[in-house]
C-alpha cells in the first residue's frame, strides 16, 4: 500500500454501491467464528474522495503493508466496547494481527463483542488461519475492560501471542508455529465471518486503539493507512485520524469519524 501524509479537519467519505454476503441471523454461538483477511472493495465500490487508503466489507482501522518478513512484532491496547441490542444477531471483534491485509495468512488475538439470543456476549480469543478462533476460556471479558496484546516472532517458525486484561488482572500467553510472510501489521475493528459469510457488524459504539507499536517502535500511522467498513451500501465503521504521536486512533460505529485520542 502506498502511504502518503494527508491532513483533514473534516472527514467526509462518499458512500457507494457494494455487494456483500452477510450472515443470516443466528440464535446461538454454535457456529464457528473466523477472523478473516481483509475483503477488499473495488474502486467502483469505494470513494476516491476519501482520505483513507482502503475500504473493506469486514475490516476498519489501520494497517501497515510492506514486504515479506518486514513485521516481526506488533502490540496494541484497546478498551472493550459495549454493544447495543440489535433485532437480529450482530458481531464485532477488536484485534491486532500480522498478515491478512494482502494475503490469506493471519495470526491475531483480540476480543469479541456480539449480540445474539437477546443478549450481549463478550470473550477473548486468539487465531491462526485457516483455523477458527480459539476462545480463551480462562479470561472474563467485560465492556470497559482495558486490554493489551502482543504478537512476537520468536524465530525458528514460532510466534508468541500474549493478551492481558488489565482491568480483570488476567493474562494469557501461547506459543504457536506460524509460517505466514509477515508482510503487514494491523489494528482492526472487524465484522467476523460466520458460516462462510461476513456477519452484520454489531453497533459497538466507539473504542480506542492506543498506544500501538510495530517491530518495537512507533508505527508512524498516517490517515492513508486507515480504512473504513462498508456493508449493504452503508459505511458502518470509521476510524479517526491518527493521534498526534502517530501510534493510536479511535474508531466508531457509523459513517462519522470520531475525534482522535489525546496523545
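The values are calculated or read from the model by the stated rules, or taken from the named source; none is laboratory data. Everything numeric in this text was worked out from a predicted model, so none of it was measured. Every residue, glycine as well, gets a Cβ built from its backbone with ideal geometry; the counts of neighbours run over all protein chains shown.
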Which one is nearest to residue 179 (Cα to Cα) among residues in region 143-166 that are more than 18 Å from the chain's Cα centre (by Cα) and not in a strand (DSSP E or B)?
157
From the list 62, 71, exactly one residue is more than 14 Å from residue 35 (Cβ to Cβ), assigned to a loop (DSSP other than H, G, I, E, B), in contact with a strand residue (DSSP E or B) (Cβ under 7 Å, 6 or more places away or on another chain) and in contact (Cβ under 8 Å) with a residue 60 or more places away in the chain. Which is it?
71
Does region 7-26 contain any residue that is crowded, with 20+ Cβ neighbours inside 10 Å and modelled with pLDDT of 50 or more?
no
For region 177-191, what are the residues that are surrounded by fewer than 17 Cβ atoms within 10 Å (Cβ to Cβ) and assigned to a strand (DSSP E or B)?
177
Just a yes or no: is a residue in region 167-175 in a loop (DSSP other than H, G, I, E, B) and at pLDDT below 95?
no
Residue under evaluation residue 96, criteria (1) touching a strand residue (DSSP E or B) at 6+ places or on another chain (Cβ under 8 Å); (2) without any contact (Cβ under 8 Å) to a residue 40 or more places away in the chain, criterion not met
(2)
In region 142-152, is there at least one residue being crowded, with 21+ Cβ neighbours inside 10 Å and over 16 Å from residue 209 (Cβ atoms)?
no
